[in-house]
Amino acid sequence: MKNLKLVAGMLLLSLGINAQTSPKLWYTFDEAGVVDKSGNGYNGELKGSAAIRSFGNKSVLYTGVDKGYVDMGEKVGDLIGSLNNFTVSCLIYVPQANKMNQNGNFFATFSNSDNIIADPAGYAFLSPRVSGYTITKTDYRDETQVRTDSPIPTGVWTLMTYTQSGTTGTLYIDGEEIKKDASVSLKLKDLGKTKHNWIGRSCYTGDVYMDNVYLDEFRVYDKALTPAQIKKTLYSAVSDYRAQKEPAFRWEAKGNPVVTHKYTADAASMVYNDTLWIFAGEDYAGGQSYYKMHNWVVFSTTDMKTFTEHPVPLRDSDFKWSSPNAWASHVVEKDGKFYFYTSSNTTGIGVAVATRPEGPYKDALGKPLLTNKDCYASTHSWACIDPAVFIDDDGQAWIFWGNSQCYYAKLKDNMIEIDGPVMHIDFPDFAFTEAPWVHKKDGKYYLTYASQFPEKIAYAMSDNINGPWEAKGILNEIAGNSNTNHQAISEFKGQWYFIYHNGAMQSDGSSYSRSVCIDYLHYNEDGTLKKIQMTSDSVDRID
Ligand code: FUB
């Protein structure tokens, strides 16, 4: 028996875990679920959209996007109510797509109430949003906080650890001390046996859940680990996590807008391999006074309801010559390569190329494809924007673009050079503002574009790509709470879709924090287009 204990002790020591530093609660979120690996039986339950997921070769907790959290159970209250000195630690991965700008986002909650405003009975929480620890015996008016008030980094696995020894609370990020406070008089045990013990949920009913976050190695110790122990026992695992690739983010659209986890505008659609791809610019969150966009995003769907977001395909900084603006773009496929045409506000239209639709894309020219000099009928600085590329049935590619004036030209077979003169289209009836898009059906060409300001989408038809274009009127009205509504049109699995943006998601962001929506495009028997019905339901799932 003595020998057995010695061998076990040596084994634990070789793993960097001596008996004195073994956790009292330890979740590793493997296939078995939320099982307490400490052996103390504090097994938890997955709730809402929370799930055990793979992250590269790791098995981790994923909170999902629909009120996902872990209920650690009331029994954990026995542990919390006994803790004088303690350590709470967790590995957290917050995807870059997350905003984390609202109250909530608690990765650990130990509370005496599930509705603190109604029943201010005390809690402690840890939050990656404010990088910190908070404890109170009542509610927010009486909190003791050890925090920096800045979020932990996104897009990288980060170790967040809080220790308390006597009245000294210390916060560590990646094993480095970032905040210390010697006057934290409340201990976890002062809360008593906490009734609600959660991972990913706040005890304030108005707070958001910690959506779309990955966690692993959730541990509670009954002592304050030393910095050396934190480094050796907890932080040493981080490099292995950082070697893993973030899984694609998936969600179910609940209606319009179809993208709600970030702000997106100026969608361009492309059908490739039975998949609809949507490329858009990413708008900043509310309170903006102008377009602030520094990267493009890419989503794919095969059923119009389930979407996958792929890593950022292209940023304005990928074009060394460009002003820092990720304005409207258009992506097309030719001969197995994908060409991403972009606007940069004042410095021209660029083109980047990739071998897969989701990228990553690389500047193909090291200089703009088109500049203001090509926009001979314009004098303002943002004339050379909003490229739209159309490849005709004979394989000839055309590029349309412009603000206030609509230009077009042939593209060479290599897709990265203009072939021949730049031409210009007059729209006497419905003035052209921007956002041209060309598509073809049953031999007819359709040129849709934004008209006036705030913008409506107008359209013209022709039998020839070179015109003349016959004005047909307004296709889409002003889209709620946004001056622009930049459209894309695609046929996918036998149905035509109209993809645009509005400002529905956040009132103070309006025209500068926009959201991509999808509705149906229908044709009349004579080939003209029926007016778009903008809906809050969006379109149906394709079975
Ligand atoms: O998003 C910036 C600009 O606003 C686009 O290039 C225009 O089409 C308009 O939507």
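The values are calculated or read from the model by the stated rules, or taken from the named source; none is laboratory data. Here the structure is a predicted model, which means the values were calculated and not measured. As a convention, Cβ positions derive from the backbone with ideal geometry for all residues, glycine included, and neighbour counts pool all protein chains shown. Areas reflect the complete protein model, heavy atoms only, side chains present, ligands, DNA and RNA absent. Shrake-Rupley method; radii C 1.70, N 1.55, O 1.52, S 1.80 Å.
Scanning the stretch 257-285 for residues that are surrounded by fewer than 19 Cβ atoms within 10 Å (Cβ to Cβ) and within 16 Å of the ligand (Cβ to nearest atom), we see that the one that is nearest to S343 (Cα to Cα) is Y284. Per the listing L215, L191, the residue uniquely touching a Leu at 6+ places or on another chain (Cβ under 8 Å) and hydrophobic (A, V, I, L, M, F, W, C) is L215. Of everything listed in (1) more than 16 Å from the ligand (Cβ to nearest atom); (2) within 23 Å of V312 (Cβ to Cβ); (3) assigned to a loop (DSSP other than H, G, I, E, B), the single unmet condition for F338 is (3).
So in the stretch 430-467, with the set limited to residues that are assigned to a loop (DSSP other than H, G, I, E, B) and touching a Lys or Arg at 6+ places or on another chain (Cβ under 9 Å), which one is least open to solvent (accessible area, probe 1.4 Å)? Ranking the candidates gives I465 first. Tallying residues that are aliphatic (A, V, I, L, M) and free of Cβ contacts under 8 Å to residues at least 24 places away in the same chain within the stretch 214-273 yields 1. The number of residues in the stretch 48-83 being open to solvent by 60 Å² or more (accessible area, probe 1.4 Å) and modelled with pLDDT of 95 or more comes to 5. In the stretch 328-371, the qualifying residues are those that are among the β-branched types (V, I, T) and open to solvent by 10 Å² or more (accessible area, probe 1.4 Å), and the one that is farthest from the chain's Cα centre (by Cα) is T371. Checked against (1) more than 12 Å from the ligand (Cβ to nearest atom); (2) farther than 30 Å from V208 by Cβ, P313 passes all but a single condition, namely (2). Among the residues of the stretch 387-404, those identified as open to solvent by less than 50 Å² (accessible area, probe 1.4 Å) and more than 18 Å from E333 (Cα to Cα) are W401, G402, N403. Evaluation of Q288 against the conditions (1) more than 16 Å from the ligand (Cβ to nearest atom); (2) farther than 21 Å from T535 by Cα; (3) not in a strand (DSSP E or B) shows that the sole unmet condition is (1).
For the stretch 355-378, the candidate set comprises residues that are of a type in the set (K, R) and part of a loop (DSSP other than H, G, I, E, B); within that set, the residue that is nearest to Y407 (Cα to Cα) is K367. Against the list (1) open to solvent by 10 Å² or more (accessible area, probe 1.4 Å); (2) within 24 Å of the chain's Cα centre (by Cα), the condition P120 fails is (2). P357 meets the conditions (1) under 29 Å from L276 (Cα atoms); (2) within 16 Å of the ligand (Cβ to nearest atom) in every case but one. The failed one is (2). The residues on offer are S507, S513, and the sole one that is open to solvent by less than 10 Å² (accessible area, probe 1.4 Å) and under 23 Å from the mean Cα position of the chain (by Cα) is S513. The residues in the stretch 349-372 that are within 19 Å of P436 (Cα to Cα) and without any contact (Cβ under 8 Å) to a residue 40 or more places away in the chain can be counted, and the count is 3. Whenever a residue of the stretch 419-435 is within 13 Å of W398 (Cα to Cα), its partners that are acidic (D, E), lying with C-beta atoms within less than 6 angstrom and at least six residues away or across chains, give the pairs V422/D374. The set of residues from the stretch 149-184 being at pLDDT below 95 and either acidic (D, E) or open to solvent by 40 Å² or more (accessible area, probe 1.4 Å) (or both) comprises D149, S150, P151, P153, T154.
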